[in-house]
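Reading through the structure tokens given below for one structure.
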Amino acid sequence: MLVDAEDDLAVVGEADSGRQAVELARRARPDVLLMDIRMPDGDGLAATRRITGDPDLAGVRVLILTLFEIDEYVFEALRCGASGFVGKNAEPADLLAAIRVVARGDRLLCPAATTALITRFLRQPHPGSPVVPERLAPLTDREREITALVATGLSNAEIATRLRLSPLTVKTHINRAMAKVHARDRAQLVVLAYQTGLVKPPDRTSR
């Protein structure tokens, strides 16, 4: 009801389980799929992994509904390719804003909080081959510069002001960078910037 009441948003389907969520994504191809972590018949994280791992669903962005204090779920959601997070106790206006933000891929949700979560995530041991700096080799110097600024949580407008570029030019550079490194969205580009060492996690031990 909340989403359908908005002129620019529409609900194209609902799912009661992780398995149904995957089926819905394949059938309806929504721009954003609001995913609860705890679901019967396949949890939301497993469903997110299946959706983001399917090349045919590259246009579907997953917005995770979560309690931010359950950090291990947030870490796993990042590994699974989630595009953003919204708290279960979020105000209606904040939920709608989160959906719009993820739909346009404009910036991470709550940049400071999300960057902190990514920093903690990168400090955790996790399986898989390490991501080497060469992964960013296809990027131009300007694309690397803008990717680094994106990783600090700056919006397109803020980056444009800092570099004296137009927001459209910044967006074009970001889109090209994502295409070159095969990042499905801005969140993955940020994680990659940290994983490759382009941006260093802030040292919080001195506080």
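The values are calculated or read from the model by the stated rules, or taken from the named source; none is laboratory data. Keep in mind it's a predicted model, so treat the numbers as computed, not measured. When we count neighbours, we look across all protein chains shown, and the Cβ atoms used for this are built from the backbone with ideal geometry, even at glycine. Keep in mind that these areas ignore ligands, DNA and RNA; they rest on the heavy atoms of the full protein, side chains included. Shrake-Rupley method; radii C 1.70, N 1.55, O 1.52, S 1.80 Å.
A few comments on the model shown:
- Measuring with a 1.4 angstrom probe and ignoring ligands and nucleic acids, Val12 comes out at about 100 Å² accessible.
- Positive minus negative residues near Asp4 (Lys, Arg vs Asp, Glu; Cβ under 15 Å): -4
- Length available on full extension from Leu2 to Glu145: 0.36 nm per residue minus the Cα-Cα distance, which gives 47.6 nm.
- Cβ-Cβ FRET estimate between Leu163 and Val132, R0 fixed at 22 Å, reported to 0.05: 0.25
- Sparse-neighbourhood loop sites, trypsin sites (Lys or Arg not before Pro) in the stretch 13-45 - DSSP loop, at most 16 other Cβ within 10 angstrom: Arg38
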